[in-house]
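**Student:** Following this message is one structure expressed as structure tokens.
The values are calculated or read from the model by the stated rules, or taken from the named source; none is laboratory data. In this text the structure is predicted, and so the values were computed from the model without any measurement. All Cβ positions, even for glycine, are placed from backbone atoms using ideal geometry, and neighbour counts span all protein chains on display. Areas reflect the complete protein model, heavy atoms only, side chains present, ligands, DNA and RNA absent. Shrake-Rupley method; radii C 1.70, N 1.55, O 1.52, S 1.80 Å.
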Amino acid sequence: MRFSRALQSSPHSLPSPDGELIATLLPSSIVVRAVKTLEVLRTIRVPPELTSGVTSFLWSPSSTKVLVAVVDQIHLFSATASNFYGTAKIPHSVAKSTVIDFGATDHEVCVWSPFGIKLTIVNFASSKVVEISNPKFYHAASATRGCSFRARTRHLALLTRSSGKDMISIHSPKTRETERSWCPDTIDAQGLAWTPDGKWLVVWESSAQAPRVILYTSDGHVFRDWKGPLPHAPNDMDLQHGAGVRLVALSPDSRLTAIANGSTCIRILNTPSMVEKMRLRHPQAIQPKDTLQIWQEQTALPNAGAFLLPAFVKATQAVTPQWSTSNSLQEPISGCNFAKFDCSSTLLATRLEDAPGTIWIWDIPTSDLRAVLMYHANVTKLEWHPMQPELLLIRCDGESYSSVVFTWDPLSNGPRSINTAHQFRENPNGRTHATWLRIAAESAAMFLTDNTTCMVASLADSDAETLAWQDEPVPTSPVSHKGDIDVQSSPRLASPIEDAEDSMNFDVDDDYTSELDDTFEFRKFIGH
């Protein structure tokens with residue numbers, strides 16, 4: 001394991017989606033660094049109102065812009081050049097927005113109002129606003145389940161509900177005006193999503209209803225309507241009389257759909273035929289065999305001084321996961337609450353509600369259980385590497401796991417424990433946040449931060465392996481573009497006021513500003 005030098009961080013520090021940049025919001029500025037050199041590319045002075053009360057700090061989908069939001073304002077900055085700065089004022093009627101996120105492009109921002117009053121789509125490129133009433137989901141945990149952006153064309157599919165009826169609408173990628181809409185044959189739809197290839201729209205019914213997943217064409221016609229396996233076999237009693245669809249996961253190659261309900265069985269369907277391909281049943285007792293490895297966490301063993309690292313041993317006989325017992329005052333919840341394919345669509349990681357400390361890894365081509373990882377604590381995060389197949393990052397709940405990151409791959413000797421407390425010595429008891437970097441390096445790299453310090457780490461085991469970064473600055477070309485910052489010299493502090501020089505000020509049309517409480521107020525600066 002290799003670590004970079006420590007860098008200044010904050011509670012708002014994120015790597016870009018392409019894995020090449022790191023943005024950190026400090027009290028008076030945003031610092032943008034290059035992962036490859038760890039040097040500062042740009043320092044952006046932020047307005048005084050952004051020094052506290054930040055509600056959102058986000059990278060745009062293409063890693064060109066950074067969003068900072070407070071209660072009543074949204075600010076959009078160019079990450080590496082001073083050629084763009086935009087602001088939008090949130091009216092008092094929706095000042096306490098529940099969710100703010102980017103749309104399909106780097107200039108599009110979605111704002112969900114409280115109580116599902118409306119979804120406001122702000123386009124910073126055109127200075128226009130589109131408001132859509134009654135989005136069905138508007139909380140941080142569920143808002144994205146009710147909307148989906150189509151690959152390539154960027155059409156928006158949105159699930160709304162009014163007068164007790166679900167409605168699906170498809171919105172133009174340029175204007176976000178409604179192109180078509182229809183009422184699906186659902187009682188209480190719980191989500192929709194475009195398949196990764198953008199060919200099909202998947203809609204699923206609530207778990208309180210009979211199992212149902214509907215596959216629509218892009219123009220809203222029903223192509224397949226899955227209502228569970230028919231006829232019901234004797235071992236399908238859990239599906240026939242149990243809860244309906246609880247979770248739907250789509251494979252990255254758009255060929256498979258995983259459907260989970262309140263049982264311990266996951267059904268894998270072919271897409272788009274929606275014909276059942278296989279069933280994955282989580283056994284109550286697990287018997288190790290040549291094609292199945294079971295790794296159990298043991299009592300932490302002393303390692304590297306005073307630090308303790310969890311150790312794992314390979315089970316040689318049948319074992320039983322630690323099943324949780326529900327409180328008699330609470331309604332029992334069972335079934336799969338997490339399922340996600342790796343980037344190659346060959347492995348599926350799952351977790352059960354009543355066994356939160358056990359991770360199940362399924363081999364999709366063979367329909368076999370490949371590995372079982374059993375922890376003493378509840379697993380709170382599972383993240384497949386976005387570019388390297390079959391590589392998993394795992395985090396657990398609890399103070400003793402606050403600085404421990406686990407990684408796993410089929411060729412490893414069990415989960416690999418990484419203790420970051422050695423690196424964050426100024427805050428050894430703090431919670432470390434970890435996420436993969438989307439970098440095509442020889443060894444996978446991750447971003448680590450404890451809210452005061454951040455760094456890049458590599459899974460490289462030898463000095464001969466190429467790292468995702470260089471601790472020494474690399475020479476840069478003397479040619480520079482207007483607004484860019486030469487990393488060889490001390491970076492210029494860029495501010496919205498400086499960027500606005502020789503710029504144009506855009507305001508929205510009178511039709512949008514006639515009623516302040518129902519729209520947004522814009523300022524956008526575009527450098528020449």
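**Student:** Looking at (1) out of contact with any Gly (no Cβ under 9 Å at 6 or more places or on another chain); (2) surrounded by 16 or more Cβ atoms within 10 Å (Cβ to Cβ), which is the only condition Leu437 fails?
**Tutor:** (1)
**Student:** Moving on to the next point. From the set of residues in segment 389-399 that are open to solvent by 20 Å² or more (accessible area, probe 1.4 Å) and at pLDDT 95 or above, which is nearest to Glu20 (Cα to Cα)? Steps first, answer last, please.
**Tutor:** Let us first name the residues in segment 389-399 that are open to solvent by 20 Å² or more (accessible area, probe 1.4 Å), namely 389-390, 397-399.
Narrowing the set further to residues that are at pLDDT 95 or above leaves 389-390.
On the way: Pro389: 20, Glu390: 22 Å.
In this case the residue turns out to be Pro389.
**Student:** For a quick check of your reading: which strands (runs of 3 or more DSSP E) sit entirely within segment 122-231 and have at least 1 residues that are surrounded by 20 or more Cβ atoms within 10 Å (Cβ to Cβ)?
**Tutor:** Working: elements: 128-133, 147-149, 156-162, 165-171, 178-182, 189-194, 201-205, 213-216, 222-226.
Hits in segment 122-231: 128-133, 147-149, 156-162, 165-171, 189-194, 201-205, 213-216, 222-226.
**Student:** Taking the criterion of being open to solvent by less than 10 Å² (accessible area, probe 1.4 Å), at pLDDT 85 or above and not in a loop (DSSP other than H, G, I, E, B), would at least one residue in segment 425-433 satisfy it?
**Tutor:** Checking segment 425-433: not a single residue is open to solvent by less than 10 Å² (accessible area, probe 1.4 Å), at pLDDT 85 or above and not in a loop (DSSP other than H, G, I, E, B).
**Student:** Please work out if Ile418 is modelled with pLDDT of 95 or more, aliphatic (A, V, I, L, M), open to solvent by less than 20 Å² (accessible area, probe 1.4 Å) and part of a strand (DSSP E or B).
**Tutor:** Numbers: modelled with pLDDT of 95 or more: no; aliphatic (A, V, I, L, M): yes; open to solvent by less than 20 Å² (accessible area, probe 1.4 Å): yes; part of a strand (DSSP E or B): yes.
Taking the combined requirement at face value, the residue does not satisfy it.
**Student:** Would you confirm, using the coordinates I've provided, whether Ala6 is open to solvent by 20 Å² or more (accessible area, probe 1.4 Å) and of a type in the set (A, V, I, L, M, F, W, C)? Can you show your working first?
**Tutor:** Working: open to solvent by 20 Å² or more (accessible area, probe 1.4 Å): yes; of a type in the set (A, V, I, L, M, F, W, C): yes.
When the stated conditions are applied, Ala6 passes them.
**Student:** All but one of (1) farther than 22 Å from Pro17 by Cβ; (2) more than 20 Å from the chain's Cα centre (by Cα) hold for Gly191, so report the exception by its number.
**Tutor:** (2)
**Student:** Just name the residue that is nearest to Thr452 (Cα to Cα) out of those in segment 400-415 that are open to solvent by 50 Å² or more (accessible area, probe 1.4 Å) and of a type in the set (S, T, N, Q).
**Tutor:** Filtering first and then ranking leaves Ser400.
**Student:** Out of Glu465, Glu442, which single residue is among the charged types (D, E, K, R) and either within 20 Å of Val379 (Cβ to Cβ) or at pLDDT 85 or above (or both)? Before the answer, list the steps.
**Tutor:** Numbers: Glu465 fails: either within 20 Å of Val379 (Cβ to Cβ) or at pLDDT 85 or above (or both).
Within the list Glu465, Glu442, the selection yields Glu442.
**Student:** In segment 99-121, how many residues are open to solvent by 30 Å² or more (accessible area, probe 1.4 Å) and over 22 Å from Phe77 (Cα atoms)? I'd like the intermediate steps shown before the answer.
**Tutor:** If we filter segment 99-121 for residues that are open to solvent by 30 Å² or more (accessible area, probe 1.4 Å), which is where we start, we get 101, 105, 107, 115, 117.
Add one more test, that the residue is over 22 Å from Phe77 (Cα atoms), and what stays is 115, 117.
Of the residues in that region, 2 qualify.
**Student:** Right, here's the next one. Tally up the residues in segment 352-378 that are over 23 Å from Asn261 (Cβ atoms) and under 23 Å from the mean Cα position of the chain (by Cα), please.
**Tutor:** The first filter runs over segment 352-378 and keeps only residues over 23 Å from Asn261 (Cβ atoms), leaving 365-366, 371, 373-377.
With under 23 Å from the mean Cα position of the chain (by Cα) added as a condition, the list becomes 373, 377.
The qualifying residues number 2.
**Student:** Given (1) open to solvent by 30 Å² or more (accessible area, probe 1.4 Å); (2) at negative phi; (3) modelled with pLDDT of 95 or more; (4) hydroxyl-bearing (Ser, Thr, Tyr), identify the lone condition not met by Ser367.
**Tutor:** For Ser367, the exception is condition (2).
**Student:** Separate question: Suppose we filter Ala371, Ala440 for residues that are closer than 28 Å to Pro196 by Cα and either in a strand (DSSP E or B) or aromatic (Phe, Trp, Tyr) (or both); which single one remains? Quick ask: steps written out before the conclusion?
**Tutor:** Numbers: Ala440 fails: either in a strand (DSSP E or B) or aromatic (Phe, Trp, Tyr) (or both).
Being closer than 28 Å to Pro196 by Cα and either in a strand (DSSP E or B) or aromatic (Phe, Trp, Tyr) (or both) holds for just one of Ala371, Ala440, which is Ala371.
**Student:** What tally of residues in segment 38-67 results from selecting those that are over 16 Å from the mean Cα position of the chain (by Cα), buried (at least 17 other Cβ atoms within 10 Å of the Cβ) and among the hydroxyl-bearing types (Ser, Thr, Tyr)?
**Tutor:** Total meeting the criteria: 2.
**Student:** Still on this model: Counting residues that are more than 30 Å from Glu131 (Cα to Cα) and modelled with pLDDT of 95 or more, which strands (runs of 3 or more DSSP E) fully inside segment 1-119 reach at least 2? Please lay out each step first, then the result.
**Tutor:** Details: elements: 13-15, 21-25, 29-34, 40-45, 56-59, 65-69, 73-78, 84-89, 99-102, 108-112.
Fully inside segment 1-119 and qualifying: 13-15, 21-25, 29-34, 40-45.
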